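Participant: Okay, here's the structure, questions in a sec.
The values are calculated or read from the model by the stated rules, or taken from the named source; none is laboratory data. Computed from a predicted structure; not experimentally measured. FYI the Cβ positions are ideal-geometry reconstructions off the backbone, even for glycines, and counts take in every protein chain you see.
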Amino acid sequence: MKLLLSVRPEYSERIFAGEKKYEFRKQKPRLTIDIVFIYESSPTKSIVGWFGVERIHYGSPEEIWGRCEDSSGIKRNDYFAYCNGTKVIYAFEINEAFRFDNPINPFGIVSDFKPPQSFTYLDDSRISKALQNSKKCATKCQMILSETRQ
């Protein structure tokens with residue numbers, strides 16, 4: 001399954017630089033995730049690339065921080081501020097990342113596009129179909145998206 005995830009620009013930069021090996025979320029997808037497309041929030045407001053998910057770790061914020069802090073790509077205070085009383089946190093372990101040469105403007109693809117608050121499933125969505133047909137989406141991106149239909 002493919003997801004579209006909203007990520008702040010500072011964190012997407014760290015993902016593509018290989019400094020951030022975990023992306024943290026308060027909710028776990030109910031389906032198995034293999035690829036996450038990154039919607040970079042303001043000021044970029046574009047889909048800038050994707051990352052593969054090795055596995056999703058979960059536990060208390062303290063447990064997850066203990067396991068992931070060395071490759072978290074986030075400051076301790078910012079991480080715990082994000083967790084903000086959450087009992088369970090999910091860490092998407094990143095196994096590879098690919099930045100598009102040219103970001104994709106989702107508002108130009110789908111006129112009523114709404115950035116996900118946390119994440120949204122992409123399979124068979126208008127965004128997924130548009131990404132697959134986009135000339136900006138590299139060949140590998142198109143192959144990943146077409147695997148959804150098989």
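Participant: Give just the number: which of (1) at pLDDT below 95; (2) more than 26 Å from Pro103 (Cβ to Cβ) does Asp34 not satisfy?
Facilitator: Only one criterion is unmet by Asp34, namely (2).
Participant: Go through the stretch 53-67 and count every residue that is touching a helix residue (DSSP H, G or I) at 6+ places or on another chain (Cβ under 9 Å) and under 18 Å from Arg14 (Cα atoms).
Facilitator: Qualifying residue count, the stretch 53-67: 1.
Participant: Out of all the residues in the stretch 23-33, is one or more aromatic (Phe, Trp, Tyr), within 23 Å of Val88 (Cα to Cα) and out of contact with any Asp or Glu (no Cβ under 6 Å at 6 or more places or on another chain)?
Facilitator: We begin by selecting, within the stretch 23-33, every residue aromatic (Phe, Trp, Tyr); these are 24.
Adding the requirement that they be within 23 Å of Val88 (Cα to Cα) leaves 24.
Then keep just the ones that are out of contact with any Asp or Glu (no Cβ under 6 Å at 6 or more places or on another chain); that gives 24.
Checking the stretch 23-33: at least one residue is aromatic (Phe, Trp, Tyr), within 23 Å of Val88 (Cα to Cα) and out of contact with any Asp or Glu (no Cβ under 6 Å at 6 or more places or on another chain).
Participant: Go over the candidates Arg30, Arg99 one by one and state the one that is in contact (Cβ under 8 Å) with a residue 24 or more places away in the chain and basic (Lys, Arg).
Facilitator: Of the residues listed, the single one that is in contact (Cβ under 8 Å) with a residue 24 or more places away in the chain and basic (Lys, Arg) is Arg99.
Participant: Limited to the stretch 70-91, what total is found for residues that are touching a residue at least 60 places away in the same chain (Cβ under 8 Å), of a type in the set (Ser, Thr, Tyr) and within 19 Å of Ala17 (Cα to Cα)?
Facilitator: Selection size over the stretch 70-91: 0.
Participant: Would the stretch 98-121 turn up any residue that is more than 17 Å from Tyr11 (Cβ to Cβ) and within 14 Å of the chain's Cα centre (by Cα)?
Facilitator: Yes, because at least one residue in the stretch 98-121 is more than 17 Å from Tyr11 (Cβ to Cβ) and within 14 Å of the chain's Cα centre (by Cα).
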